[in-house]
Each structure stands twice: as structure tokens, then as C-alpha cells.
């Protein structure tokens, strides 16, 4: 259990330091070409104005460090 807690703390520390969330399922799906931009935006809308939803919108609008999508 300690290692799970430590892993969570590590992720939290990195997210705070970078100001970006880690391992966002929708972001990973989008980057791999498994969902479209429209589907990503639909998912973002479900989260409203939360930081998570805003992050998804930023990914869709290429405001986050742009990585080449695998389907391109």
C-alpha cells in the first residue's frame, strides 16, 4: 500500500510542477487516433469548466505541447 501511495504522491508532485495532468485517457486516445477531435471536445464538454475539461479543450486546440498523432 505504501508504494501505491508513493506513486500517487509522485504523480501529484509532477503534475503540480509541470502544471499539466498525467495520463489523461481521452488525450491518449486522441493522440493515438482512436477518437476524433470532435469526440475529444464532446468529452471535454462533459467536464464543464473544470481544469480537466479545460485541459481536454486545450489538447483539441493544440494549446498543449503538440505531439504528432500516430494516424498522421
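The values are calculated or read from the model by the stated rules, or taken from the named source; none is laboratory data. Because the structure is a prediction, the values reported are computed rather than measured. Using ideal geometry, Cβ is built from the backbone for each residue, glycine included, and neighbour counts are taken over all protein chains shown.
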What are the pairs with Cβ atoms under 9 angstrom where one residue, in the range 21-50, is closer than 26 Å to residue 9 by Cβ and the other, located anywhere, is modelled with pLDDT of 95 or more and assigned to a loop (DSSP other than H, G, I, E, B)? Sequence gap at least six, or different chains. 26/35; 28/34
Looking only at the range 33-47, which residues are assigned to a loop (DSSP other than H, G, I, E, B) and either within 12 Å of the chain's Cα centre (by Cα) or under 16 Å from residue 62 (Cβ atoms) (or both)? 33, 35, 36
Could you tell me which residue of the range 7-26 is farthest from the chain's Cα centre (by Cα), considering only residues that are in a loop (DSSP other than H, G, I, E, B) and surrounded by 11 or more Cβ atoms within 10 Å (Cβ to Cβ)? 20
Consider residue 70 carefully, then state whether it is farther than 17 Å from residue 19 by Cβ and either surrounded by 16 or more Cβ atoms within 10 Å (Cβ to Cβ) or modelled with pLDDT under 95 (or both). yes
